[in-house]
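Enquirer: Below is a structure I'd like to ask you about.
The values are calculated or read from the model by the stated rules, or taken from the named source; none is laboratory data. These figures come from a predicted structure and were not determined experimentally. Cβ placement follows ideal geometry from the backbone for every residue including glycine, while neighbour counts extend to all protein chains displayed.
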């Protein structure tokens, strides 16, 4: 099981320091999702993150910054390669694709319709927002498990994932899960992340690189 961390959509105190600490703790991939950030704002944040970790970062906005930083990839809306103009975009990406592409869908039935250009497909939100009753999923467990077991795509779960439901995400067969609010709003980002790692290691669901002795 692989963890991916999404930033919150707004700035938080000492964010770059916390991101650096997450990478130090073993975070494999961070998605910077800041829809309200200008290109300069995002550039400033990237400059505060240690360059040795830049190859683990995926951008959701201001993709042109890929020219200035050595990053892992970009996140695009589902359907980006659809239609007449989408075909031209696809040709362009085929020529330069040396980085990861990911997208998001909200209907498990659409997994097989996602363009093969995408390396990762996020499905969600799996649960209601943090603070609401989120013991039940927004998706039918049988359907999710059936689709994931029959697809060759890398499908990740996002939305409302906490300690109490991470075990259920494991059972459904996802390649990984996204941590966001449960991490950033915990009061102790790094220790909370380490607790998730330890929990997964105890369940035997972490890759060898993440297992804790």
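Enquirer: Quick one: residue 177 ticks every box in (1) modelled with pLDDT of 95 or more; (2) in contact with a helix residue (DSSP H, G or I) (Cβ under 7 Å, 6 or more places away or on another chain); (3) farther than 25 Å from residue 192 by Cα except a single one, so which number is it?
Expert: (3)
Enquirer: Might you check whether a residue that is in a strand (DSSP E or B), in contact with a helix residue (DSSP H, G or I) (Cβ under 8 Å, 6 or more places away or on another chain) and either at pLDDT 90 or above or surrounded by fewer than 19 Cβ atoms within 10 Å (Cβ to Cβ) (or both) occurs anywhere in region 184-205? Explain how you work it out, then say what you get.
Expert: Restricting attention to region 184-205, the residues satisfying the condition of being in a strand (DSSP E or B) are none.
No, that holds for no residue.
Enquirer: Among (1) at pLDDT below 85; (2) surrounded by fewer than 20 Cβ atoms within 10 Å (Cβ to Cβ); (3) over 24 Å from residue 17 (Cβ atoms), there is one condition residue 149 misses while meeting the rest; what is its number?
Expert: Result: residue 149 passes all but (1).
Enquirer: Mind listing whichever residues of region 50-98 are without any contact (Cβ under 8 Å) to a residue 12 or more places away in the chain, on the phi < 0 side of the Ramachandran plot and part of a loop (DSSP other than H, G, I, E, B)?
Expert: Hit for region 50-98 is 98, nothing else.
Enquirer: Additional query: Does residue 22 satisfy the criteria of being at pLDDT 95 or above and either over 15 Å from the mean Cα position of the chain (by Cα) or surrounded by fewer than 20 Cβ atoms within 10 Å (Cβ to Cβ) (or both)?
Expert: no
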